[in-house]
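FYI, it's all coordinate maths here, none of it is from the lab. No experiment lies behind these values; they were computed from the predicted model shown. When we count neighbours, we look across all protein chains shown, and the Cβ atoms used for this are built from the backbone with ideal geometry, even at glycine.
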Amino acid sequence: MNRLILKINIYDFTPLTQAIHDALSESFSPGITTLIEMVIIGIAFITLFTILGLVMVYAERKVAALFQQRLGPMRVGFFGTAQTIADAIKLLLKEPLMTKNADKFLFNLAPFFVIIASFLAIAAVPFAKGLQALDFNIGLFYIVAVSSLGVIGILLAGWSSNNKYSLIGSMRSGAQIVSYELSVGLSLLTMVVLTGTLQLSEIIESQQDGWWIFKGHIPAFIAFIVFLVASTAELNRGPFDLAEAESELTAGFHTEYSGMKFSFFFLAEFVNLFIVAAIGATVFLGGWMPFHLGNWEGFNLIMDFVPPIFWFLAKVSFIIFIIMWFKWTFPRLRIDQLLTLEWKYLLPINLVNIVVMAFIAMQGWHF
Amino acid sequence: MNNESIIFYILSAVLLVSGVLAVTGRRILRAAVFLLFALSSIAALYFLLGFFFLAAVQIIVYIGGIVVLIIFSILLTHHIEHRLKKPSLNKMLMSALGTMVGAGACLLTIWNHPFPEASNVEPITTMDNIGTKMLGFGEGGYVLPFELISVLLLTAMIAVIVIAKRKENLPS
């Protein structure tokens, strides 16, 4: 154990993970070692999910309060910090209700689809140097692929509830996610033209001398904006939250869910927000790379002093804040406006942008 | 038995069971979900083999695309209490015959194939290779099929728009 503590280095996690691997390999066969490592990583992610849920629900409520000139939760704990823990306990104690004419098998299965999709996607997120569970050579493509699984859970939830509102909600959500997936994929592809690789660790390495949003000129900035808008829509968050529009559909696809099954949807939504922000931070803002300015040696040294994990979390929080800002400033779109925005504006802009970006990369005009 | 073979047998069991359930179910959406399980276990098998790109394509095309489309159309057309009718004996026999011919052809090929042990055990295909092969017009390049497929997709797209727009011309 002492050996492991000595290996903790907040700037690079590779020695620590290597030490854990070596220590396990000493006592177990390779097969068992892999199994134990998988269990450790699984437990780490479950813990992360819980913490993310607690922190982000609190953040959301405080940000909402900020935009509406309220105080938000203040009573439980210091500045209401324990409010979300109380909420979580309440959700745990609630009764899981079941509608009589629902398709029980699919009704119970649907929340797992949503949460498993988030689980698969978060595995490829690079948190800091050497702190990444899966580093595929197709990392970015993998994340885009597995995050498309979540929509199946939403569609199944809406249909199996045997409720008209749920069905309409899930249909809207399906149409929305399937169309906005294109824009998310294409805006990320615009950046892949520059990076020349899909592996997330290499994408970060390529931003050592500057983040792509600065190095990639205007097309990179346009891609970033499109990515933010499209992924907000893919998350079913306001102003694109017409899948669960409280005032029209009571709660959309999760009307009939209660207790822990409801909180699965709720948690997955927040974790997906985190994942989207993490992808945005990795591809556009340099992931855990510190902010460097040209030849300012002193400034760069100070920036290097801040551990990568804090850089990553700061960038992710910045993007999460922007997405929350969207939610509390813009009014909700109608379904036709939503589809018009995607097919008539974002997609053509994206396609032109990708050609411009390819031209810039070909000419070597980027930094 | 090492980890890989244990995982392989689990995945194959899931694949076979969900495949059978997908064709025998009376509830159409459940059948679609079992089809989804079958397709995802195929994707998992590709991951096990180390073909990450193929696995991701399997997920994004078959699961994220085709199964979502199937579920979508079921959502639009079927009520939750709807049950499929039992197919007639004739149909069942014919499809069983067809399946057996197909399976027989596959098994015969597999058994007759020598499967030489690979000297180079590095199955990781990079994106660069796939890209250059896909648009290559030299030997082993796929640019002609690639272009043909894009023309086919364009045709399909135009056809869909024509079908969707036809109603406007009809007198109401």
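Bridging of A:K344 to lysines at a Cα separation below 21 Å is possible for B:K165, once same-chain residues fewer than 8 apart are set aside.
Both radii come from the Cα set of segment A:132-285: Rg as radius of gyration, Rh as Kirkwood radius; their ratio Rg/Rh reads 1.04.
Per residue, how big is the convex hull around the C-alpha atoms of segment A:194-341? Give it to me in cubic angstrom, could you?
About 142 Å³ per residue, rounded to a whole number.
Restricting the calculation to alpha carbons of segment A:24-76 gives Rg and Dmax of 19.7, 59 angstrom.
Which of the three applies to segment A:1-140, rounded, prolate or oblate, going by the alpha-carbon gyration tensor with a ≥ b ≥ c and a/c under 1.5 meaning rounded? Here segment A:1-140 falls in the oblate category. Placing unit charges on each Cβ (+1 for Lys and Arg, -1 for Asp and Glu) gives the protein assembly as shown a dipole about its Cα centre, and among A:L167, A:G364, B:G140 the Cα reaching farthest toward its positive end belongs to A:L167.
Counting neighbouring beta carbons within 10 Å and listing from fewest to most, the residues A:K90, A:K62, B:K133 come out as A:K90, B:K133, A:K62. Neighbours of A:Q69 by Cβ distance under 15 Å: Lys/Arg scored +1, Asp/Glu scored -1, total +3.
Kirkwood Rh, Cα Rg: Rg to Rh for segment B:1-87?
Ratio value, two decimals: 1.06.
When only alpha carbons are used to place a centre, segment A:272-312 and segment A:79-114 end up 36 Å from one another. The packing ranking of peptides A:184-194, A:19-29, highest mean first, is A:184-194, A:19-29, where packing means the average number of other beta carbon atoms within 10 angstrom of each residue. Here the dipole of chain A is about 940 debye; that uses its Cα centre as origin and unit charges on the Cβ of Lys and Arg (positive) and Asp and Glu (negative). Each peptide in B:62-74, A:149-161 receives the mean, over its residues, of other Cβ atoms within 10 Å, and ordering these scores from highest gives A:149-161, B:62-74.
Inter-chain neighbour count for A:74-84: the average number of beta-carbon atoms from partner chains within 10 Å of each residue's beta-carbon is 0.
For chain B, just say rounded, prolate or oblate: build the C-alpha gyration tensor, square-root its eigenvalues into a ≥ b ≥ c, call rounded for a/c under 1.5, and beyond that prolate if a/b exceeds b/c, oblate if not. Verdict is oblate for chain B.
Among B:P114, B:P145, B:P87, the largest mean-square fluctuation in a Gaussian network model of chain B (Cα springs under 10 Å) belongs to B:P114.
Please work out whether the protein assembly as shown counts as rounded, prolate or oblate from its C-alpha gyration tensor, where a ≥ b ≥ c are the square roots of the eigenvalues and a/c under 1.5 means rounded, while otherwise a/b larger than b/c means prolate and anything else oblate? Cα axes put the protein assembly as shown in the rounded bin.
Per-residue mean of foreign Cβ neighbours for B:72-79 is 3 (Cβ atoms of other chains, 10 Å radius). Computed about its Cα centre, the charge dipole of segment A:1-93 is approximately 580 debye, with only Lys, Arg, Asp and Glu carrying charge at their Cβ. For A:L131, the amide hydrogen comes within under 5 Å of the amide hydrogens of A:F13, counting only partners 5 or more places away or on other chains and with H modelled in the peptide plane.
Which order do A:L109, A:L228 fall in if you start with the one that has the fewest other Cβ atoms within 10 Å?
Going from sparsest to densest Cβ surroundings: A:L109, A:L228.
Residue ranges A:77-84, A:325-332 sort as A:77-84, A:325-332 when ordered by packing (mean number of other C-beta atoms within 10 Å per residue, highest first). Hydrophobic, long helices, defined as DSSP H runs whose alpha-carbon span along the helix axis is 30 Å or greater and whose mean Kyte-Doolittle value is at least -0.5, occur in chain A at A:30-67, A:164-195, A:259-284, A:308-329. Taking the number of Cβ atoms within 10 Å of each Cβ as an exposure proxy, the fewest-first ranking of B:E139, A:E244, A:E269 is B:E139, A:E269, A:E244. Between A:M357, A:M56, A:M74, the residue with the greatest mean-square fluctuation in the GNM of chain A (Cα pairs under 10 Å linked by springs) is A:M74.
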